[in-house]
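Asker: Take a look at the following structure, please.
Throughout, read-outs are computed from the coordinates displayed, never taken from laboratory work. The structure displayed is predicted, hence computed values, not measured ones. For neighbour counting, all protein chains shown are included, and Cβ atoms are generated from backbone atoms with ideal geometry for every residue, glycine included.
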Amino acid sequence: MMERVGTGANGPAWSVRMADTVMARHPLLSRRWHYEPGVVLLALYHLWQETGDQKYYDYVRRNIDEFVGLDGEIRTYRLDEYNIDQINEGKLLFPLYETTGDERYRKAACLLRKQLESHPRTSEGGFWHKRVYPHQTWLDGTYMALPFYAEFARRFDEPESFDDVANQIALICHHTRDPKTGLFYHGWDETKSQRWADPETGCSAHFWARAMGWYAMTLPDVLDHFPEGHPQLGNMLAIFRDLAAALVSVQDEGSGVWYQVLDQRGRDGNYLEASASCMFVYALAKGVRKGYLRPSALDAARRGYDGILTQFVTVDGSGLANLHHICGVGGLGGKPYRDGSFEYYVGEKVLSNDYKGVGAFMLASLEMKRLEL
């Protein structure tokens, strides 16, 4: 039997409850190096930092050690695929290297950095999402690569790389941001030849919530590593603040959370979606805590988090936590062809306990706990 928790539920912090649930259900998160378990492991690493409980660190290391070999090779990873998603799990290599001094973690991070050196780019320098999606940049890819890229630059003294990171953020904002709403389209095709692309702008047709969620989380995570006084710091802060205002403008008043297609509230088939709502709460709460956003964004984070607990979280009879109403996947092109229509986004499978949502929920819960709300 599932019990909805509501906002006044007692018990351990929700980051702890969900982390313990994940570890009970999944001794090993994945049998391949992949971005989805990377989101969960990053949350568990931050939970270890917050609580000091060694079991979270040990779980992270055990999962990463499943893939990283003695020479820094990464099992199941192929650089020549040029898949930007594959960078994301590499964020865990930095703290493992820092805490152990084991050179294989540094070598593995350098292998992923090598991918970025030769990764295909648009004519302006924006990373393609994948080699199989030529001339396309997607919002998703910013989260997969740029926080890793910025942290690598800070840790291994690559000051010129900060310019590239800032340029990536600015380019995709320039090409996908809608000036009327301040919302961002999911993807952009430089050639404007994809069936999903507008023939004039090259943008996809809709504001998919999780795509904006990835980009929203990218900004505070990148800003954490940027040097003070960098000439593009002000521009990135302005992008983040404008994005936050746009998100607040489409936050559902009744539930406090966000719709799968952000600007289509009330349209038949649209639904309140968990993973993006968690990502937005994380970005807003962290943005306020770190001083990147104005304090007024905190009200939206609070309402969003209360809505997440009310709308999406249940606890089963064994005391395990569950997160529901997570869009399983969203993309553009490929086979079968994903046309970026409203019908496409609301027609993808809706799942419970998908890693993308669970990881984002733990990250959001940690931020709300840090703010003692």
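Asker: Restricting to Cα pairs below 8 Å that are 6+ residues apart, what does the relative contact order work out to for the chain? Please round to a whole percent.
Answerer: 19 percent
Asker: Additional query: So if I place +1 on the C-beta of Lys and Arg and -1 on the C-beta of Asp and Glu, and nothing else carries charge, what would the dipole magnitude of the stretch 140-185 be about its Cα centre? I want it in debye, nearest 20.
Answerer: Dipole magnitude for the stretch 140-185 comes out near 280 debye.
Asker: How high is the FRET efficiency between ASP224 and ASP268 when r is their beta carbon distance and R₀ equals 51 Å, given to the nearest 0.05?
Answerer: The calculated FRET efficiency here is 0.80.
Asker: I'd like to know how the stretch 3-370 sits against the 2.2 N^0.38 Å rule of thumb: what's its Cα Rg over that expected value?
Answerer: Relative to the 2.2 N^0.38 Å estimate, the stretch 3-370 comes out at 0.93.
Asker: Extending each Cα 7 Å along its Cβ direction at CYS110 and PHE156, get the distance between those two points in nm, one decimal.
Answerer: With each label placed 7 Å out from Cα toward Cβ, I get 0.7 nm.
Asker: Would you please put 63-74, 222-233 in order of how densely packed they are, using the mean number of other Cβ atoms within 10 angstrom per residue and starting with the highest?
Answerer: Final packing ranking: 63-74, 222-233.
Asker: Only helical DSSP H runs with n ≥ 4 go in: add -39500 (n - 2.57) per run for the chain, normalise by residue count and round the 222 nm mean residue ellipticity to 500 deg cm²/dmol.
Answerer: Estimated from H runs of four or more residues: -16000 deg cm²/dmol.
Asker: Another one. Each residue of the stretch 38-54 in order: what ³J(HN,Hα) in whole Hz does its phi give by Karplus 6.51 cos²θ - 1.76 cosθ + 1.60, θ = phi - 60°, with x for Gly and Pro?
Answerer: x, 5, 5, 5, 5, 5, 5, 4, 5, 5, 4, 4, 6, 9, x, 6, 4
Asker: Compare the Cα positions of TYR282, GLN232, PRO295 along the charge dipole of the stretch 218-310 (+1 at Cβ of Lys, Arg; -1 at Cβ of Asp, Glu; about the Cα centre) and return the one farthest towards the positive end.
Answerer: PRO295
Asker: Once the piece of chain linking THR100 and ASP316 is laid out straight, how much longer is it, given 0.36 nm per residue of separation minus the C-alpha distance between them?
Answerer: Length gained, THR100 through ASP316: 74.0 nm.
Asker: In addition: May I ask you to sort TYR215, TYR185, TYR271 by Cβ crowding, counting other Cβ atoms within 10 Å and putting the fewest first?
Answerer: Sorted ascending by nearby Cβ count, the order is TYR271, TYR185, TYR215.
Asker: Next up: Run the quick spin-label model on HIS26 and THR201: label points 7 Å from Cα toward the beta carbon, then report their separation in nm to one decimal.
Answerer: Between HIS26 and THR201, the label points sit 3.4 nm apart.
Asker: Using a 7 Å offset from the Cα along the Cα-to-Cβ direction at both ASN167 and SER341, what is the distance between the two label points in nm, to one decimal?
Answerer: Inter-label distance under the simple model: 3.8 nm.
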